[in-house]
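Written below as C-alpha cells is the structure these notes are about.
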C-alpha cells in the first residue's frame, strides 16, 4: 500500500469515527469536538499555531530555479508549483505565517491544512530559538524526477535543494538537498492547480504521521506537538545557559588507547554530500528507502576518523559493515550490524560498548560537543536522525550559540542545528577507541 492509499484509508476511518460520535452526541451520550468529515478541517480558535507576525520583514534576494533533468514540465504545470515554493520560502525567510492553502484547489482540504500546519510549526520552532533564524538570502532548486498522468490528475515528483543564509550567521552558506516532493495537479478553466502536496522532510512527516496515528482533531494533535516541542526548546536553552556559565559537570574522565581523528571524519562528511544533488558512497550500501541513510553516513565518517569496525560480542554489541546482509551474530567480519545504520542502535552501542572499539560519552551537556561529534534528533522519545558536527559557533563573548552540522536524508551541509524541525536533541561525544583485552 502506497503513502496516498494509506492516507485515504485513514480519512475513511476518521470519517466513520466522526459519524459514530455524531450519532452518540445525538443520543446525549458524549460531547466531543471532532471533525466528522476529514476532508474539511476547522482551525481551533486561539490555537498556539497562530504564529507571531513580525514587522521587520527581510527582503530576500530569492529565486526558484528549475534544474536540468530528463523530465520536462510544461510551464502551465510549473506555475502552481513555483507559486507554492515562493510562498513557502518567503514565509520561512521572514518567519511570518502566510496562507499557503490559497495555492491549493481546495483550501479547506485536509492536505492543504497539513501543509499550512507543518509550515507554521517550523516557523514557531524557529521563532522560539535564541538564534535569529530568519533568512537574509535563499535560492531553491527543483529537479523534476517523474511526471505521471492518471485518474484526472497529474503526479509530479521532484527533488528540492536549497542554499540559505540565516540571519545570525549571514556569512555562512547552508545547503540542503534531496528533499522529496510529490504534487498532484488538476486542470481547471484557469489553468493547473495543486490538488495535493506531500513532502518527505522532518516536520511535515512528523505532523502527518501524528495525525494518522490519532483519533483526535488534527488541530489538537498539531497544537500538542508544538506545545511539547516548545517545552523541549526551553529546557535546551537552560542547558545551553548552564554550559556557557560553566555550571555543568565535567565527566570527560574516559581514557582511550587511540585518539579519534575528528578532522578526517569531518573531511569525509564534507566529501560525501553535495549542495544540490544526492551523493552516496555505495561501497556501504544506500538506505534512503529503508528509513534513511543518516546513520550509515555517520558511521562511515567515524570509520574514516579512525574508529574501527567492531565484530566482538553478540550482534547488538557490534558496529560494522562488511556487506548488505544483517549478520547472524556469530562475531565474524561479515555482514552488517544494526548499530551501523540504526539511530537508536548506534546510541546503544556508543553508550554500552566495553573493551574493543568505540569509546564515547553520551550523558554530557548537549552543548559541549566538538567537530566530529554526533548529534541525534528525536520526537517524544523516539530518536529518528543522526548528524555530524562540522563546526561549533561561538558569539563575540566566546559563548556557544549553535552547531553547524552535515547529514544525509535530508542531505545538509553546514546547517544550523537549531533550524531543524525536530526539537529533542542528544549528544554522542566521540573520544577514540580501545584495543580491548
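If you restrict to DSSP beta bridges whose two residues both lie in region 253-434, what percentage is antiparallel, to the nearest 5?
If we restrict to bridges inside region 253-434, about 95 percent are antiparallel.
Between residue 258 and residue 108, with labels modelled 7 Å along Cα→Cβ, what's the label distance in nm to one decimal, could you check?
So the two model labels end up 6.5 nm from each other.
Please list log₁₀ I(q)/I(0) at q = 0.09, 0.10, 0.13 Å⁻¹ for region 253-434, using the Debye equation with identical point scatterers on the alpha-carbon positions.
Taking Cα atoms of region 253-434 as identical point scatterers yields -0.29, -0.35, -0.61.
Sort 180, 374 so that the residue with the fewest other Cβ atoms within 10 Å of its own Cβ comes first and the one with the most comes last.
180, 374
By count of other Cβ within 10 Å, fewest leading, how are 78, 133, 279 ordered?
279, 78, 133
Every number here is computed from the coordinates shown, using simple stated rules; none is lab data. Just so it is clear, the model here is predicted, and its values are computed rather than measured. Glycine gets a Cβ as well: all are built from the backbone with ideal geometry, and neighbour counts include every protein chain shown.
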